[in-house]
Amino acid sequence: MSAPDSFETSPAPRISDLARARPADYLDGLNPEQRAAVEATEGPVLVLAGAGTGKTRVLTTRLAHILATGRAKPWELLAVTFTNKAAREMRERIAHIIGPQAEGLRWLGTFHSIAAQILRRHAELVGLKSNYTILDTDDQERLIKQVLEAENVDAKRWPAKHLAGLIDQWKNRGWTPDRLPAGEGAGFANNRGQALYRIYQDRLRVLNACDFGDLLLHNLTLFQGHPDVLAEYHERFRYLLVDEYQDTNVAQYLWLRLLAQKRQNVCCVGDDDQSIYGWRGAEVDNILRFERDFPGAKVIRLERNYRSTSHILGAASGLIAANKGRLGKTLWTEAPGGEKVIVRGVWDGEAESRLVADEIERAVRGSADAPKRRYKDIAILVRASFQMRAFEERFVLLQIPHKVIGGPRFFERAEIRDAHAYLRLIQSEDDDLAFERIVNTPKRGIGDTTVQKLLQIARLNGVPVVAAAREVVRTDELAARTRTALSNFLRDLDRWRAQAGALPHPRLMEQVLEESGYTDALRLEKSPTAQTRLENLKELVQSMGAFETLEAYLEHVSLVLDLERESGDDSVQIMTLHQAKGLEFPLVFLPGWEEGVFPSQRSIDETGEKGLEEERRLAYVGITRAREEARISFAANRQVYGRWTSQLPSRFVDELPLAHVEASSETGYYGGGPGMQQHGSRWDESPSFGAGYSSPGWKRAQERSYRGSHPGRQQVIEGEGRLVAVSEPSSSAYRRGDRVFHMKFGYGAVTAVDGNKLTVAFDKAGEKKVIDSFVEKA
DNA sequence: CGTGCTCACCTTTTT
DNA sequence: GGTGAGCACG
């Protein structure tokens with residue numbers, strides 16, 4: 001049943017390659033624990049690698065060691081990571097040690113990409129064809145919506161998103177519809193959860209499609225139902241290696257255990273203190289019970305930290321000590337104390353961003369007793385993305401180069417997904433989801449009712465919707481205009497399909513985008529976002545060129561490809577704590593340490609003590625990102641969802657060991673000062689801040705001051721001649737990604753002061769202006 | 001069928 | 001406070 005073993009043809013190692021991998025080279029400079037972790041190749045090994053202890057180095061050296069000592073060929077190693085980025089990095093670093101032999105590491109990749117490869121070879125055994133499509137979350141949700149509609153489930157009371165979430169969780173735990181524990185689906189649509197899950201799985205099979213969770217789930221079904229197939233992989237994979245083991249979910253864990261069960265040569269590397277993905281199914285328990293699952297396992301602790309100063313390490317260690325249920329590590333360093341971790345209370349969110357921005361400017365300028373920083377040495381790590389905005393705006397104002405990490409990624413953007421849907425439909429007429437997505441994009445007069453009708457006919461006859469459409473256009477079931485539109489669309493589709501073989505696929509893509517009217521529709525829009533989208537499509541066409549065939553491209557897109565954003569430039573990075581995992585910076589800002597914000601109230605509400613501990617690990621991850629300086633801040637007042645709220649400092653602030661921390665407050669509030677009222681920690685229960693702030697006058701002033709300072713809270717401009725930065729709404733838009741800031745800024749000197757109104761003179765044109773929105777420039 | 005309005009939503013994210 | 005989804009209306 002299996003496909004031919006074409007993958008055994010990886011290049012054999014050449015003598016010159018092996019010669020490069022002299023043990024003396026790659027083992028040099030490892031400390032005793034690291035070396036032990038590299039050399040313990042046989043039997044189960046758990047490497048507990050604390051933050052900054054050289055984990056990646058150990059991982060890559062271990063693989064290189066196994067190869068260099070001839071224990072296995074590159075294609076006999078299974079090495080799994082969570083992200084493509086991690087996989088790429090590992091491959092590069094191994095290549096650095098052992099040279100081109102690393103090309104043969106055929107089974108180094110993410111859980112999903114490896115599972116997808118295995119599934120391609122045995123798809124028939126689980127009721128799929130080997131050319132199955134991989135659906136992303138968007139497609140998945142739309143399919144579930146269809147199922148709900150077909151089953152007459154009230155989509156208002158029982159949103160598709162909710163069921164999608166449930167199914168995801170179930171799949172994360174390795175539960176097929178048959179194996180769903182009783183009562184699991186009870187909460188959804190009057191006990192119909194399980195039935196709907198089953199129907200959804202059937203639909204996927206009909207569409208010859210998988211969602212992300214299925215990739216692993218089908219692997220489990222495959223291995224459990226076909227011992228011969230499993231045995232084949234036992235034979236193949238001589239050594240297993242898993243990165244970020246603390247983040248594995250149950251399905252991944254079961255998958256690993258099945259694969260490792262025969263040879264037991266499995267090495268898992270992780271840190272229970274850095275487990276921050278519990279909310280998406282990660283089970284810290286997997287790491288806690290490793291020794292039970294693999295009797296005789298060797299546990300190696302990497303505890304020497306090479307990254308941070310001892311004050312930073314001390315602060316982080318003290319904080320994480322408050323968690324129960326740890327495996328326990330004692331990190332140490334020979335690095336000097338450095339600066340203590342600075343904790344500061346400020347008046348409000350705006351003061352916080354001002355403080356951070358000022359300190360960044362100072363750090364970049366450097367001083368006698370402080371090193372001169374580059375912008376890229378600095379990161380701002382927030383709990384949630386809504387906190388990013390304040391910093392972004394401040395940085396725009398002060399012209400501090402910065403980069404917001406995250407946001408919709410290239411291949412998740414609507415226009416890219418539309419383009420892919422065209423390709424998918426050209427490639428396979430069975431792709432109903434692709435049809436649905438683009439049949440009326442751009443608008444060609446085939447509305448929702450028509451599409452629904454087609455879907456219904458298709459379902460009744462058990463045929464793909466394109467086939468149904470072909471039939472329908474021959475009848476007079478549709479209004480004449482709709483029918484013409486539909487048959488034109490089908491005609492276009494046929495033409496593109498005919499060209500698909502003859503044309504290089506980037507050319508095909510261009511042609512489809514032109515002839516479908518997609519680019520024309522965008523050009524007509526004239527908005528800056530439409531411009532961006534056109535550029536994205538150009539980028540797409542370019543990226544396609546790197547692939548031999550359309551099939552290869554589409555396969556890659558769904559699992560592996562993410563366009564590397566240029567990262568080399570010198571700018572401050574703004575990102576979430578989750579995104580910061582695995583990174584490090586000389587100077588790290590950790591704003592928003594307020595009860596309810598961080599730790600997140602929702603996390604505590606939903607998962608209680610467990611959630612709180614995960615939040616604490618997040619705090620630990622945050623602090624340990626810093627090499628030299630960490631600066632924590634919290635605000636006494638903060639706008640959350642447009643409402644002013646009073647805040648209490650995070651409990652994490654109090655858990656920091658005093659010996660490693662220096663605390664101060666501008667508000668007199670830290671420790672209980674003026675302006676505070678005791679109240680519940682939930683921000684939406686908080687009394688609104690002073691009355692003046694909710695008055696219409698305030699609101700108007702705020703609108704007028706557009707992204708500028710608080711009128712009531714601005715720094716006092718003492719006199720004339722001060723230099724200020726000015727912002728105001730303007731027609732010249734400043735664009736960052738998809739977001740547009742209507743903002744113009746510049747520096748001017750104050751010539752007159754009247755309350756909050758300043759008259760400012762600008763050097764260049766001799767221009768004078770009265771403004772009510774400004775920031776003082778130091 | 002397309003547009004404008006109201007209303008609920010509002011952590012973290014990879015594949 | 002901002003936004004996207006869903007509904008009523010033209």
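Coordinate-derived values only; no laboratory data. As the structure is a prediction and not an experimental result, all values here were calculated from the model. Cβ sites come from the backbone with ideal geometry, for glycine too, and all protein chains shown count toward neighbours.
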Under 17 Å by backbone N from the virtual spin label 7 Å along Cα-to-Cβ at residue A:179, the residues of segment A:231-273 are A:231, A:249-261
For the pair residue A:324 and residue A:551, the simple spin-label estimate (label points 7 Å beyond Cα toward Cβ) gives in nm 5.6
Hey, fewest Cβ within 10 Å first, where do A:455, A:288 land in order? A:288, A:455
For a protection proxy built on the mean count of beta-carbon atoms within 10 angstrom, sort A:50-56, A:447-453 highest first, please. A:50-56, A:447-453
Among rounded, prolate and oblate, which fits segment A:193-347 when a ≥ b ≥ c are the square roots of the eigenvalues of its C-alpha gyration tensor, a/c under 1.5 means rounded, and a/b larger than b/c means prolate? oblate
Rounded to the nearest 20 debye, what is the charge dipole size of segment A:312-361 about its Cα centre when +1 sits on each Lys and Arg Cβ and -1 on each Asp and Glu Cβ? 580
Any idea what the dipole of segment A:490-638 comes to, in debye rounded to 20, about its Cα centre with Lys/Arg Cβ at +1 and Asp/Glu Cβ at -1? 200
Distant-in-sequence amide H partners of residue A:402 (H built 1.01 Å from N, under 5 Å): A:572
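Taking the beta-carbon count within 10 Å as an exposure proxy, list A:435, A:188 from fewest neighbours to most. Mind dumping the intermediate values first?
Values: A:435 24, A:188 20.
So the ranking, lowest neighbour count to highest, is A:188, A:435.
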What ranking do A:272-281, A:224-233, A:255-264 get when scored by the average of other Cβ atoms within 10 Å per residue, highest first? A:272-281, A:255-264, A:224-233
Just rank A:107, A:644, fewest to most, by other beta-carbon atoms within 10 angstrom. A:644, A:107
With a ≥ b ≥ c taken as the square roots of the eigenvalues of the C-alpha gyration tensor of segment A:265-372, please select rounded if a/c is under 1.5 and otherwise prolate if a/b is larger than b/c or oblate if it is not? prolate
Mind giving me the nanometre distance, one decimal, between the label points for residue A:399 and residue A:202, set 7 Å out from Cα along Cα→Cβ? 6.6
Here segment A:76-90 yields Karplus 3J(HN,Hα) values (6.51, -1.76, 1.60; θ = phi - 60°; whole Hz; Gly and Pro given as x) of 9, 9, 10, 10, 10, 10, 9, 10, 4, 4, 5, 5, 4, 4, 5
Using amide H atoms built 1.01 Å from N in the peptide plane, name the residues 5+ places from residue A:644, or on other chains, whose amide H lies under 5 Å from its own. A:689
For residue A:636, distant residues with modelled amide H under 5 Å away: A:346, A:347, A:348
